[in-house]
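To start, the structure itself, in structure tokens.
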Amino acid sequence: MKISIIVATYNRIDALNFVLQSLESQTDDDFEIIIADDGSKIETAEFINIFKTQSKRSITHVWHEDLGFRLSQIRNLASAQASGEYLIFLDGDCMAQPDFIAQH
């Protein structure tokens, strides 16, 4: 069963990097990453684009304009992009243990 990991973020490249690095080292490889970006500045998109070129994972960046706190809406938009049968939602500052996906 393919899993979609939806990672919420907003202008925290440092934290997002830690989360993505923790997902890179998962023992289970059958998952995709969808970054649900609640209106971050261009620097976040630039970071994600660079990270994607170095990653072995499928990463999709879903963004909408910053019109205030709309986390639920961006998570819904990201969910619509998911191809997994199972969705896991992570905040942009939660590092996953290496067997996090396998445990699900």
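The values are calculated or read from the model by the stated rules, or taken from the named source; none is laboratory data. Not measured: the values here are computed from a predicted model. As a convention, Cβ positions derive from the backbone with ideal geometry for all residues, glycine included, and neighbour counts pool all protein chains shown. Heavy atoms of the whole protein, side chains included, go into the accessibility calculation; ligands, DNA and RNA do not. Shrake-Rupley method; radii C 1.70, N 1.55, O 1.52, S 1.80 Å.
Dipole of the range 42-104 computed with +1 at Lys/Arg Cβ and -1 at Asp/Glu Cβ about the Cα centre; of G68, Q54, G84, farthest Cα towards the positive end is G84. For a straight C-alpha distance cut-off of 28 angstrom, the lysines reachable from K41 (same-chain residues fewer than eight places away being disregarded) are K52, K56. When only Cα pairs below 8 angstrom with a gap of at least 6 residues are kept, the range 7-104 shows a relative contact order of 45 percent. Calculated accessible area for the chain comes out at 55 Å² per residue, all protein chains present (probe 1.4 Å; ligands, DNA, RNA ignored).
For F31, the amide hydrogen comes within under 5 Å of the amide hydrogens of I3, counting only partners 5 or more places away or on other chains and with H modelled in the peptide plane.
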